[in-house]
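Every read-out reported here was derived from the displayed coordinates using simple, explicitly stated rules and does not represent laboratory data. These numbers were taken from a predicted model, which means no experiment stands behind them. A quick note on method: Cβ atoms are made from the backbone with ideal geometry, for glycine too, and the neighbour counts reach across all protein chains shown.
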């Protein structure tokens, strides 16, 4: 459906990441005005240019935002006049993130929960506060994961240095319930929060992993980042006006 976001203003945080840059491009193509925010504006702008986004376009505003900083996030929302929705595509983590289960320290685990889950709480809270102030329809999409829904299939990581981080599973499963809590608390059909849970997104992972992962899908294997866009655009649009507290899984059957 063309121009399903026409006349809407959407905030995307983590807009310099793999998913974020793809979303900004897709939203502009669908007629939205986009506020693209990330902690490093220069890196974000370069990434947007690399996927064909005209960064001087009238439909795009870029901004610096540290989603882990409470003062920064609150002041950012207070500076906004109007937004119709938001997507949190940020992925904050520390330098020891991604270690194998027995190598993860409690301090590192706690720090990653604070960075990622804590910032997701803060962003969700401030979206709700923005809605309360302005009393205009608002749709928030948070990004979870199939590994917030089902246990990891650890055998797909055999013959690679990769693993599925325990922090990731804890964070993404918690985000799913955080959404339900927040929309139940606000209790207004004009304020919606939903999740999209992608399966694996292709980002030049090792070939043994790609092959093993593909054998667990219905044939697609790792998804192109663009395959995730449709579900997010749907949740931001008027087509999903009464969809709230839900989770759309996009994984070609990996989690079945």
Inset, instruction - For residue 75 paired with residue 256, estimate the spin-label separation in nm (one decimal), with each label point 7 Å from Cα along the Cα-to-Cβ line. - result: 5.1 nm
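If you count, for each residue, the other Cβ atoms within 10 Å and average over each peptide, how do 195-205, 75-85, 11-21 line up from highest to lowest?
Values: 195-205: 18.6, 75-85: 15.0, 11-21: 24.6.
For the peptides 195-205, 75-85, 11-21, the packing ranking is 11-21, 195-205, 75-85.
Let's test the formula: R0 of 22 Å, r as the Cβ-Cβ distance of residue 203 and residue 226. What FRET efficiency results, to the nearest 0.05? Don't jump to the answer; show the numbers that get you there.
Numbers: r = 13 Å, r/R0 = 0.59.
Here the calculated transfer efficiency is 0.95.
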Inset, instruction - Report the label-to-label distance for residue 99 and residue 184 in nanometres (one decimal), using points 7 Å from each Cα along the Cα→Cβ vector. - result: 3.5 nm
Inset, instruction - Calculate how steeply helix 18-29 sits against the longest principal axis of the alpha-carbon atoms of the chain, using the helix alpha-carbon long axis, and give the answer as 0 to 90 degrees to the nearest 10. - result: 40 degrees
Legend entry - Gain upon complete extension [residue 132, residue 158; 0.36 nm per residue less C-alpha separation]: 4.5 nm
Legend entry - Ranking of 164, 27 by count of other Cβ atoms within 10 Å, fewest first: 164, 27
Legend entry - Theoretical ellipticity at 222 nm over the chain - DSSP helices of four or more residues, -39500 (n - 2.57) apiece, nearest 500: -11000 deg cm²/dmol
Inset, instruction - Place the peptides 227-238, 207-218 in order of packing, highest mean first, counting for every residue the other Cβ atoms within 10 Å and averaging per peptide. - result: 227-238, 207-218
Inset, instruction - Give the order of 147, 97 when sorted by the count of other beta carbons within 10 angstrom, beginning with the fewest. - result: 97, 147
